[in-house]
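Reading through the structure tokens given below for one structure.
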Amino acid sequence: MRRGLLVFALVLVLVLAGCSALDFGDDTVTEPDSNRPDPASDRLGWEDGYWWNDSVAVDGSDGLTQAEVEVVKARMMARIEHLRGYEFTRDVSVRVISRETYRDQRGGGGSGEAAPWREQFWEALFVVGEDTGVQAAFDRLYGSTVLGYYTSDKIVLVSDDPNDLRVSRATLAHELEHALQDQHLGLGYRTDTRDGRLAAQAVIEGDANYVEARYEEACKSGEWSCITVAGQSGGGSRSADYNVGLSVATFVPYGEGPVFVSELYERGGWDAVDGAFENHPASTEQVIHSAKYPDETPVAVSIPDRATGGWERLETEDGEDRAETVGEANVYTMLWYARVVPREHLTSRNGSVSRYTYDHPLSTGWAGDRLVFYENGDQQAYVWQSTWDSEADATEFRQAYEDVLAANDATARGNGVYAIESGAFEDAFRVVQRGDTVVVVNAPTVDALDAVHRVRSGSNTSVRQDVRSAGLATA
């Protein structure tokens, strides 16, 4: 991945969206009951003939026609303007497709196999093993859980039943907020790591989820009169036919983002939220622990290249190290998926706009990390070095990582060496702690570990450039 790459988000709403539903039937539209005169020109809180607090003569008991959906959409846009303080400058189309159609479209993109280093990234987290390709795992995840997405003034909503198209009110509100973001705040961000992408997406998805939650609360409290349609849509009723570890890793912006945004809102209102679109959090650590945003940025970790015996470090097209940052959220995911963190912990948050939390003592204390990749012919390997706030934090993580190895049937060979003899994660590992730093070396065999990266004895092997006290914010 090139440094400074401008990434444009294809906004996806995953499973666990709201359960209020809109049903697209075949009836004709009823003329709405407009309560206030139209303004002379478009203005905040009014869209396409509807004020945000207008009532509409739409009966949802037998579903909605496409024309009625346009009525509901117009009033919803006016309400989101009223909530968010921005005017829609362009109309947004809404289309509903079946899940089968969505899967066909996604599978027809020619995505093929993932790059070897991407396979290694997810293997390093013990989430996707050699028995399942990463691309296939993502296709199955998104094909099963996506409820809708926004792109270029278009909202596409995904329904499970092609003969009875239903989508949630919350999902439509969520995607309309993405359209408003696109028109005023932008959906792009600059980052060169997955952890950075998750952190930036946490602002985009967190804002949309926060607006969605406030919209639903106004409906449920009776503050607003809202259309209620019988029936339910979404992925909540389906069994998990996808990799739940990959789901948890991908859900970070939806699980932690709304809490992060709500805490920014409490800190400084919508101005503080808008500021995070300009100055994205630098890491998922800042999203999980909002008090660390924006000043406490990750430390820079460097890993010297000591490869011998035909092993070579992978590079980008620009000749730089092919490297990734795992980050606190994905460390949590690894520990949760291996059941080192109890499964029930993920949903233990109470009294919040989100019922998900990635904050656990075994992953808290992360200060920075770097994951680099190697190849030797058709063999792959990696080195993962993480730095922690204290030696005690590093010790907790090292012990937890060894528990992950044990959960995947690794056997200890002495001197920090472990081997998984068979299965999806069959490999050799060396785990070494030096003070506040933990180094994990991976290779196909125990004999190859030193050839990939010999961990020197003696002083701490990390190169740590601590910028946490410098008050630097990431652009």
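The values are calculated or read from the model by the stated rules, or taken from the named source; none is laboratory data. Keep in mind it's a predicted model, so treat the numbers as computed, not measured. Here the Cβ positions follow ideal geometry from the backbone for every residue, glycine too, while neighbour counts run over all protein chains shown. Accessible surface is based on the protein model in full, side chains and every heavy atom, while ligands, DNA and RNA are left aside. Shrake-Rupley method; radii C 1.70, N 1.55, O 1.52, S 1.80 Å.
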From phi via Karplus (6.51, -1.76, 1.60), per-residue ³J(HN,Hα) for the stretch 284-299 in Hz, x at Gly/Pro: 5, 4, 5, 6, 5, 10, 5, 5, 7, 9, x, 7, 8, 8, x, 6
What does the net charge come to around Ala338 if you take all other residues with beta carbon closer than 14 Å to its beta carbon, with K and R at +1 and D and E at -1? -2
Whose amide H sits under 5 Å from the amide H of Ser168, counting only residues 5 or more places off or on another chain, with H placed in the peptide plane? Leu22
A chain fully extended from Asp409 to Asp153 at 0.36 nm per residue, minus the present Cα-Cα distance, gains in nm 87.2 nm
Long-range amide H partners of Ser98 with built H, under 5 Å: Ser159
Under-5 Å amide H pairs with Ile155, H placed in peptide plane, nonlocal only: Ser93, Val94, Arg95
What is the percent of Cα-Cα separations in the stretch 355-412 that go past 16 Å? 60
Once phi is turned into θ = phi - 60°, what whole-Hz ³J(HN,Hα) does the Karplus curve with 6.51, -1.76 and 1.60 give for every residue of the stretch 418-431, x standing for Gly and Pro? 9, 9, 9, 6, 7, x, 5, 10, 4, 5, 10, 9, 10, 10
Output ³J(HN,Hα) for the stretch 365-376: one whole-Hz value per residue in order, computed from phi by the Karplus curve 6.51 cos²θ - 1.76 cosθ + 1.60 with θ = phi - 60°, and x for Gly and Pro. x, 4, 10, x, 7, 8, 10, 10, 10, 10, 9, 8
Largest first, what is the accessible-area ranking of Lys220, Lys292 with a 1.4 Å probe? Lys220, Lys292
Treat each spin label as a single point 7 Å out from the Cα along the C-beta direction, and report the Gln105 to Asn350 distance in nm. 4.2
Burial ranking of peptide ranges 47-53, 370-376, 194-200 (average Cβ count within 10 Å, highest at the top): 194-200, 370-376, 47-53
Potential lengthening between His82 and Asp318 on full extension [0.36 nm per residue; Cα-Cα distance subtracted]: 80.3 nm
When all alpha-carbon pairs of the stretch 363-459 are counted, what percent fall beyond 16 Å? 55
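Rounded if a/c is under 1.5, else prolate if a/b is larger than b/c, else oblate: which is the stretch 232-323, with a ≥ b ≥ c the root eigenvalues of its Cα gyration tensor? All intermediate terms of the calculation are to be shown ahead of the outcome.
Details: a/c = 3.03, a/b = 1.34, b/c = 2.27.
The shape class here is oblate.
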Could you tally the net charge around Glu391, taking each other residue with its Cβ under 11 Å from the Cβ of Glu391, Lys/Arg +1 and Asp/Glu -1? -2
